[in-house]
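The values are calculated or read from the model by the stated rules, or taken from the named source; none is laboratory data. Remember, it's a predicted structure, so these values are computed and weren't measured experimentally. Positions of Cβ are generated from backbone atoms using ideal geometry, with glycine treated the same way; all protein chains shown enter the neighbour counts. Ligands, DNA and RNA are stripped out before the accessible areas are found, and what is left, the full protein with its side chains, is counted by its heavy atoms. Shrake-Rupley method; radii C 1.70, N 1.55, O 1.52, S 1.80 Å.
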Amino acid sequence: VQLVESGGGLVQPGGSLRVTCAGSGFTFSSHVMGWFRQAPGKEREFVAMISWSGDRTYYSSYVKGRFTVSRDNAKNTVYLQMNSLKPDDTADYYCAAKKGGNSRLEYEYDYWGQGTQVTVSS
(Lines give C-alpha, C1' and ligand atoms only; values in the text may rest on other atoms or scores of the structure.)
Protein backbone atom coordinates (compact mmCIF):
# COMPACT_ATOMS: atom_id res chain seq x y z
CA VAL A 1 0.00 0.00 0.00
CA GLN A 2 1.27 3.42 -0.89
CA LEU A 3 -0.06 6.95 -0.61
CA VAL A 4 2.08 9.65 -2.17
CA GLU A 5 1.35 13.33 -1.68
CA SER A 6 2.63 16.02 -3.99
CA GLY A 7 2.05 19.65 -4.83
CA GLY A 8 3.18 21.32 -1.64
CA GLY A 9 5.34 24.42 -1.64
CA LEU A 10 5.65 28.05 -0.70
CA VAL A 11 2.70 30.35 -1.38
CA GLN A 12 1.90 33.92 -0.36
CA PRO A 13 -1.00 34.71 1.97
CA GLY A 14 -4.22 34.84 0.01
CA GLY A 15 -2.85 32.53 -2.62
CA SER A 16 -3.95 29.06 -3.75
CA LEU A 17 -2.36 25.65 -3.93
CA ARG A 18 -3.58 22.19 -4.85
CA VAL A 19 -2.09 19.14 -3.21
CA THR A 20 -2.56 15.68 -4.67
CA CYS A 21 -2.44 12.20 -3.22
CA ALA A 22 -2.01 9.12 -5.39
CA GLY A 23 -2.90 5.74 -3.96
CA SER A 24 -1.77 2.27 -4.97
CA GLY A 25 -1.77 -1.26 -3.61
CA PHE A 26 -5.34 -1.18 -2.33
CA THR A 27 -8.87 -0.73 -3.68
CA PHE A 28 -8.85 3.06 -3.73
CA SER A 29 -12.46 3.41 -4.83
CA SER A 30 -13.78 1.60 -1.74
CA HIS A 31 -11.87 3.72 0.77
CA VAL A 32 -12.77 6.95 2.48
CA MET A 33 -9.98 9.47 1.96
CA GLY A 34 -8.97 12.08 4.50
CA TRP A 35 -6.59 14.99 4.68
CA PHE A 36 -4.84 15.90 7.91
CA ARG A 37 -2.16 18.43 8.73
CA GLN A 38 0.50 18.98 11.36
CA ALA A 39 1.94 22.38 12.04
CA PRO A 40 5.34 22.78 13.72
CA GLY A 41 5.02 22.09 17.43
CA LYS A 42 1.39 21.06 17.18
CA GLU A 43 -0.54 17.81 17.01
CA ARG A 44 -1.86 16.49 13.74
CA GLU A 45 -5.41 17.64 13.04
CA PHE A 46 -8.25 16.78 10.70
CA VAL A 47 -8.66 18.98 7.62
CA ALA A 48 -11.14 17.31 5.27
CA MET A 49 -12.51 13.98 4.13
CA ILE A 50 -14.41 12.58 1.18
CA SER A 51 -16.55 9.46 1.01
CA TRP A 52 -15.55 6.58 -1.23
CA SER A 53 -18.05 7.64 -3.89
CA GLY A 54 -17.26 11.32 -3.57
CA ASP A 55 -20.81 12.32 -2.70
CA ARG A 56 -20.04 13.34 0.90
CA THR A 57 -17.41 15.74 2.14
CA TYR A 58 -16.61 17.16 5.57
CA TYR A 59 -14.30 19.96 6.58
CA SER A 60 -12.80 21.33 9.75
CA SER A 61 -14.15 24.69 10.78
CA TYR A 62 -10.70 26.19 10.13
CA VAL A 63 -10.81 25.47 6.42
CA LYS A 64 -14.49 25.26 5.50
CA GLY A 65 -15.28 27.62 2.68
CA ARG A 66 -11.63 27.89 1.63
CA PHE A 67 -10.58 24.29 0.95
CA THR A 68 -12.22 21.75 -1.35
CA VAL A 69 -11.57 18.01 -1.34
CA SER A 70 -12.30 15.93 -4.44
CA ARG A 71 -11.34 12.57 -5.86
CA ASP A 72 -10.95 10.75 -9.15
CA ASN A 73 -11.37 7.04 -8.57
CA ALA A 74 -10.36 6.25 -12.14
CA LYS A 75 -6.96 7.76 -11.38
CA ASN A 76 -6.75 6.57 -7.74
CA THR A 77 -6.19 10.18 -6.75
CA VAL A 78 -7.58 12.59 -4.18
CA TYR A 79 -7.08 16.34 -4.27
CA LEU A 80 -7.16 19.18 -1.80
CA GLN A 81 -7.68 22.58 -3.37
CA MET A 82 -6.65 25.30 -0.94
CA ASN A 83 -7.69 28.88 -1.54
CA SER A 84 -7.34 32.08 0.48
CA LEU A 85 -4.40 30.56 2.29
CA LYS A 86 -3.31 32.00 5.61
CA PRO A 87 -0.01 31.71 7.49
CA ASP A 88 -1.85 29.50 10.00
CA ASP A 89 -2.33 26.95 7.21
CA THR A 90 1.42 26.31 7.20
CA ALA A 91 1.87 22.60 7.95
CA ASP A 92 2.76 19.21 6.61
CA TYR A 93 -0.31 17.85 4.85
CA TYR A 94 -1.04 14.12 4.95
CA CYS A 95 -3.56 12.04 3.09
CA ALA A 96 -4.99 8.90 4.64
CA ALA A 97 -7.33 6.08 3.68
CA LYS A 98 -9.81 4.01 5.60
CA LYS A 99 -12.39 1.37 4.89
CA GLY A 100 -15.88 1.61 6.30
CA GLY A 101 -17.78 4.73 7.18
CA ASN A 102 -16.85 8.36 6.98
CA SER A 103 -14.73 9.65 9.85
CA ARG A 104 -12.77 12.66 11.02
CA LEU A 105 -10.86 10.60 13.57
CA GLU A 106 -7.18 10.13 12.85
CA TYR A 107 -6.93 6.76 14.62
CA GLU A 108 -9.59 5.22 12.38
CA TYR A 109 -7.48 5.64 9.24
CA ASP A 110 -5.52 2.62 8.10
CA TYR A 111 -3.03 3.95 5.56
CA TRP A 112 -1.02 7.16 5.56
CA GLY A 113 1.19 9.04 3.17
CA GLN A 114 4.51 10.68 4.06
CA GLY A 115 3.18 14.20 3.80
CA THR A 116 3.86 17.28 1.72
CA GLN A 117 4.93 20.60 3.17
CA VAL A 118 2.86 23.72 2.64
CA THR A 119 4.29 27.06 3.72
CA VAL A 120 2.21 30.23 3.58
CA SER A 121 4.43 33.25 3.92
CA SER A 122 5.20 36.56 2.28
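Quick look at the numbers
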{"quantity": "Net charge over other residues, Cβ less than 11 angstrom from the Cβ of His31 (K, R count +1; D, E count -1)", "calculated": "+2"}
{"quantity": "With every protein chain in place, the range 63-122: carbon and sulfur % of accessible area (1.4 Å)", "calculated": "41"}
{"quantity": "Label-to-label distance, nm, for residues given as Ser121 and Phe26 (7 Å Cα→Cβ offset)", "calculated": "3.3"}
{"quantity": "Å² per residue, accessible surface of the range 1-94 at 1.4 Å", "calculated": "50"}
{"quantity": "Spin-label model distance (nm) - Ser84 vs Glu108, 7 Å beyond Cα toward Cβ", "calculated": "2.8"}
{"quantity": "Volume in Å³ per residue [convex hull over Cα atoms, computed for the range 42-122]", "calculated": "108"}
{"quantity": "Accessible-area ranking of Arg56, Arg44, Arg71, largest first, probe 1.4 Å", "calculated": "Arg56, Arg44, Arg71"}
